[in-house]
1. Is it true that E83 is without any contact (Cβ under 8 Å) to a residue 60 or more places away in the chain, open to solvent by 40 Å² or more (accessible area, probe 1.4 Å) and within 23 Å of I281 (Cβ to Cβ)?
2. For T98, indicate whether it is modelled with pLDDT of 85 or more and either assigned to a helix (DSSP H, G or I) or open to solvent by less than 40 Å² (accessible area, probe 1.4 Å) (or both).
3. Looking at the stretch 177-197, can you tell me whether even one residue there is among the small types (G, A, S), over 20 Å from the mean Cα position of the chain (by Cα) and closer than 17 Å to I255 by Cα?
4. What helices (runs of 4 or more DSSP H) lie completely within the stretch 172-276 and have 1 or more residues being buried (at least 22 other Cβ atoms within 10 Å of the Cβ)?
5. Consider only pairs whose beta carbons are under 6 Å apart and that are at least six residues apart or on different chains; among these, list those whose first residue lies in the stretch 286-300 and is open to solvent by 50 Å² or more (accessible area, probe 1.4 Å) and whose second residue is modelled with pLDDT of 75 or more.
6. Could you list all residues from the stretch 49-76 that are modelled with pLDDT of 80 or more, outside any helix (DSSP H, G or I) and of a type in the set (A, V, I, L, M)?
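The values are calculated or read from the model by the stated rules, or taken from the named source; none is laboratory data. Model, not experiment: these values are computed from the prediction. Positions of Cβ are generated from backbone atoms using ideal geometry, with glycine treated the same way; all protein chains shown enter the neighbour counts. Each accessible area value is taken on the protein alone, full model and side chains, heavy atoms only, with ligands, DNA and RNA left out. Shrake-Rupley method; radii C 1.70, N 1.55, O 1.52, S 1.80 Å.
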Amino acid sequence: MKYMIKKIITLIITLLLVSMVTFVAFSVIPGDAATTKLATYATEERVEALREEMGLNKSIPERYAAWLKDALHGDFGESYQYEGVQVSELLNQRLPVTVMLAVMAFIIILVISIPMGIIAARKEGTWIDVFINLFTQITMAIPAFFLGMVLTYIFGLILKLFQPGKFIMPQEDLWGCIKYLIFPAIAIAIPKIAMVVKFLRNSVLSEVKKDYVRTAYSKGNRTKKVLYIHVFQNALIPVITFIAMVVAEILAGSIVVERVFSVNGMGRLLVTAISNRDFPIVQAVVLYITVLVIIINFIVDILYQLVDPRVRTE
């Protein structure tokens, strides 16, 4: 119970700090949202009137307090770029797309990296191990956005398995959206697969050299039983923490990949909002991503304790 209370308090403090830093950062950078919104119609009088209407003439603490109060009720205000459109409405449209993309990439990572990591450890020093190590070295060095361009060219333009730039929102066609997201999910997953494979391989090889493994063999256990029941469970403990970092990177890294594949997710919305100085959207997107990452880390902490019975809450 104490552990849960600590985690909840940490979550609240983290969200407050992130929201505060984000709000202040976009309030002090050069430029003016009112001027950007008025564009060619910006006169000194109009800018001043719009600043007053948008509340930009108030002090930063006052604006932050008002924004935080509304945000706690799910109201992030109106978008500066999309006149009359609530930020929460835009987020509700784009968030499912980013979550779907992240989940698909995560599933691909787990399905491929865990078997490969175990095989590489079992076949240490063989040509299979060398091949897997070579694969991980190459794929780790390739940026996700470059993989995205390669996949778009091969599977989109040559093989025509999907139409680049013709993304379908899940509200229109769920299955069509999933099929389109397969390729950006692969682009995100491949570099992360290499990282998890190397980490899991090294973790398994480290566990194999420990005394409890020799004890298990001395009791007549088969290699597979020792590997999958004893070694794998212990080797997975540090990997779980590493996977949490990978998930956070997936959520952040999908921003660039969404641009490459023209996916209408949170990343694309964030980039557009930053370029247009649409601060309400920027603040809301950063807060949403922070919430997702913190929740994922919380789940991983719970899993960490379930996998490792030696860990006890204080």
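1. On the way: without any contact (Cβ under 8 Å) to a residue 60 or more places away in the chain: yes; open to solvent by 40 Å² or more (accessible area, probe 1.4 Å): yes; within 23 Å of I281 (Cβ to Cβ): yes.
Yes; evaluated as a whole, the condition is true for this residue.
2. Yes, satisfied.
3. The first filter runs over the stretch 177-197 and keeps only residues among the small types (G, A, S), leaving 185, 187, 189, 194.
Subset that is over 20 Å from the mean Cα position of the chain (by Cα): none.
Scanning the stretch 177-197 turns up no residue that is among the small types (G, A, S), over 20 Å from the mean Cα position of the chain (by Cα) and closer than 17 Å to I255 by Cα.
4. Details: elements: 174-208, 211-218, 232-261, 266-275.
Passing ranges, in order: 174-208, 232-261, 266-275.
5. From the stretch 286-300, the pairs are N297/A244.
6. L72
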